[in-house]
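Only one structure is covered here, and it is reproduced in the block below.
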Amino acid sequence: MKADKKVRDWLLDIKTKNRLFLEGDLLKIIEADPDDTEFVAYIEEANNKDKETRKRRLDVTKQVQDHNKKLILAQEENSKITEDLKIALEAAEDEKRKAELSKLDADKAKDAALNDLDILQKKSQTALISTIVKVALIVILSVGVITTLMYSIAMITGKDTQIIGSTWSNMFGILLTNAFSIVGTIMGVKYASENKD
């Protein structure tokens, strides 16, 4: 589709005054008159900028996916620690039964097993909370800093900030949600590991 003179002049005027270019699928259907070198150059530059913007969006998406993979690994580690805790509890119960069968002082054996279990639970809980907080902080800070830097650079250089602005806003919403999720996870681990007696 060829752009008429009015549209052509309007697009070139917006480029000159505001440094804004056409982008997206609309660029694929607009044709410039080959004799109109200024408009041909505009279309070529707009296509290059559009490709650059798409590449940046893809890079941000890949970074978020990488951070999500790290969070999944942290969750798997959490499951492993919980399983180790169950095994340790079963081992403590076995020790208690052996102590009762060998007619040792039942109160001392129970106290020793419960003390060992409590120490193990506290160590496991501390390691789990530390891992979750470290990974979460790294993810939250790196994504927040990268997105803010990209947004700041776009604003300083006068580039189009509509896409990165909404990405920046969405990213902070996601980070806030993840922060609450982390707090909930930590509180759930603390509640689950408390001695109900």
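Cβ-Cβ below 8 Å, separation at least six or inter-chain, first residue in segment 44-61 and over 11 Å from residue 164 (Cα atoms), second surrounded by fewer than 13 Cβ atoms within 10 Å (Cβ to Cβ): which pairs?
From residues that are over 11 Å from residue 164 (Cα atoms), the pairs are 50/24.
For residue 33, indicate whether it is free of Cβ contacts under 8 Å to residues at least 60 places away in the same chain, part of a loop (DSSP other than H, G, I, E, B), farther than 30 Å from residue 131 by Cα and over 40 Å from the mean Cα position of the chain (by Cα).
So residue 33 passes the test.
Across segment 16-47, which residue is farthest from residue 154 (Cα to Cα) among those that are surrounded by fewer than 11 Cβ atoms within 10 Å (Cβ to Cβ) and polar (S, T, N, Q)?
Filtering first and then ranking leaves 37.
Residue-by-condition table, conditions (1) more than 30 Å from residue 18 (Cα to Cα); (2) assigned to a helix (DSSP H, G or I):
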residue	(1), (2)
124	yes, yes
128	yes, yes
131	yes, yes
137	yes, yes
160	no, no
171	no, yes
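Tell me whether segment 83-101 contains one or more residues that are without any contact (Cβ under 8 Å) to a residue 12 or more places away in the chain, among the aliphatic types (A, V, I, L, M), on the phi < 0 side of the Ramachandran plot and surrounded by 13 or more Cβ atoms within 10 Å (Cβ to Cβ).
Yes.
Read-outs: derived from the displayed coordinates by stated rules, not from any lab. Remember, predicted model here, so these are calculated numbers, not experimental data. Cβ sites come from the backbone with ideal geometry, for glycine too, and all protein chains shown count toward neighbours.
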